[in-house]
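Computed from the coordinates by the stated procedures, all read-outs in this text should not be read as laboratory data. Predicted model only: the values in this text are computed from it and were never measured. Quick reminder, even Gly has a Cβ in these numbers, built from the backbone with ideal geometry, and neighbours come from all protein chains shown.
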Amino acid sequence: MWRLWACIGLLWCCSCEAQGQEELRVAFYNVENLFDTSDDPHTTDNEFLPRGEKGWTRGRYVAKLRAVARAVEGVGGGTLPAVVGLAEVENRRVLVDLVRKTGLSAGRYGIVHYDSPDVRGIDVALLYRKDCMAVAEERALRVPFPEDGRIRTRDVLYVKGVLAEDTVHFFVCHFPSMVGGERKSEWKRLRAAGVVRAKVDSLFEACPEAAVVVMGDLNGEADTEAQRLLCPANGAEEKECGELYNAGYHLLGKPYGSYCYRGRWQTLDHILVSGGMLNGEAAVQAATEMQVYAAPFLLEQGNRSTGKRPKPTYRGPRYIGGTSDHLPVWIGLRTGD
């Protein structure tokens, strides 16, 4: 199974400047604490400093950048992905280093990023190949919580893009974590899902067949309350315009996924697409179901029951040297007539 997953990323190669009907890959990756080595006085980033708890040195930072870039390249299957959503990036500086000082420089990626109110300073971002997409609109959507400041989470990033003259609405999310317990914290993720749903509904009201892609670490599997708010028609055979569907719904309950916690595999990283992208009504179509990219270099040996698992950069305070505790996910989009 793992060997099959690793090979999936090598089976499909495309070019944004090629034939009339193009297939482009869109990926999402939680890169687990991609911090630079400089102190930000406005956030709690002290553990990720050279003299911090984790001993976050320049050499470890550069190794992390190269590993993340290698993962993104692998997802592309021979051609760099057209669009990449990222979670857990500290600032724009790490994004500039990622797209200019690694193998991703060949993609001439543009960057969409806003600093969010997260207390640790981690944000979401969107990278896009300028030869594949133009940005028509971008904004950060704030997730409202009580004004006492005790809860501060990542913004939702909204980007209106134009691929091959067709409009696609992208959302990049990193919903609140399960700290305190999954059930007790679900209301926070429902709050974030409500922000996404409100914006998506406004798009569908104007154009029910709009092409909409919501991607992110939603900190829950495809059958949670927050997911049901986003995708009430999940699992339905007929795909309708004006609805969202989880492109990775088929992974629910499988003994593999994008994340492994205490020996249990889950898919917390998701790509949702609009019904029009599945039933032929939208100008841009989903060409594949969501896939997990599980190349061997992203994995380590776990226990007997789980087998391989994502290899993190740190396990507690101990440096492991892996890329991330999450695996990248991706789908293919088909554009043109």
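Listed here are the pairs 254/308; 64/308; 54/188; 101/130; 64/101; 64/311; which of them are more than 22 Å apart at the Cα?
Over 22 Å apart, Cα to Cα: 54/188.
Put +1 on the Cβ of each Lys and Arg and -1 on the Cβ of each Asp and Glu in region 239-330; which of 260, 248, 284 then has its Cα farthest toward the positive end of the dipole?
Going by the charge dipole, the pick is 260.
For the residue pair residue 250 and residue 209, what label-to-label distance in nm results when each label sits 7 Å from Cα along the Cα-to-beta-carbon direction?
2.5
Name the helices (complete DSSP H segments) of the chain with a Cα length along the long axis of 20 Å or more and a Kyte-Doolittle mean of at least -0.5, or state none.
58-76
For region 122-246, what class follows from the C-alpha gyration tensor (a ≥ b ≥ c being the square roots of its eigenvalues): rounded when a/c is under 1.5, otherwise prolate if a/b is larger than b/c, else oblate?
oblate
How many angstrom lie between the C-alpha centres of region 186-202 and region 101-153?
18
From the list (1) 20.6; (2) 22.5; (3) 20.0, can you say which value of Kirkwood radius over Cα pairs in Å was derived from the structure given?
For Kirkwood radius over Cα pairs in Å, the calculated option is (3).
Suppose we flag trypsin sites (Lys or Arg not before Pro) only when DSSP calls them loop and at most 10 other Cβ atoms lie within 10 Å. Which is the longest uninterrupted stretch of the chain?
Formally, the longest exposed-site-free interval is 151-261.
Of all beta bridges DSSP finds with both residues in the chain, what is the antiparallel percent, to the nearest 5?
80
Count the net charge of all other residues whose Cβ sits under 9 Å from the Cβ of residue 117, scoring Lys and Arg as +1 and Asp and Glu as -1.
0
In the chain, with Lys and Arg counted as +1 and Asp and Glu as -1 at Cβ, which of these residues, 316, 194, 163, has the Cα nearest the positive end of the dipole, that is, farthest along it?
Comparing the listed Cα positions along the dipole, 316 ranks first.
How high is the relative contact order of the chain? Use alpha-carbon pairs under 8 Å, at least six apart in sequence, and give a whole percent.
Averaging sequence separation for qualifying contacts and normalising by length gives 19 percent for the chain.
Treating only the Cβ of Lys, Arg, Asp and Glu as charged (+1, +1, -1, -1), what charge dipole size does region 67-110 show about its Cα centre? Round to the nearest 20 debye.
My answer is approximately 200 debye.
With charges only on Cβ, +1 for K and R and -1 for D and E, what is the dipole size of region 81-202 about its Cα centre, in debye, rounded to 20?
Here the size comes out at about 220 debye.
Only bridges with both residues in region 153-291 count here: give the DSSP antiparallel percent, nearest 5.
Antiparallel: roughly 75 percent of the beta bridges in region 153-291.
Using the Cα centre of region 25-106 as the reference point, and only Cβ charges (+1 on K/R, -1 on D/E), how large is the resulting charge dipole? Debye, rounded to the nearest 20.
Here region 25-106 has a charge dipole of around 440 debye.
So what is the 222 nm mean residue ellipticity for the chain from helices alone, if each DSSP H run of at least 4 adds -39500 (n - 2.57) and you divide by all residues, rounding to the nearest 500 deg cm²/dmol?
-6500 deg cm²/dmol
Positive end of the charge dipole of region 100-231 (Lys, Arg +1 and Asp, Glu -1 on Cβ, about the Cα centre): tell me which of 229, 203, 135 has its Cα farthest that way.
The residue sitting farthest along the positive end of the dipole is 135.
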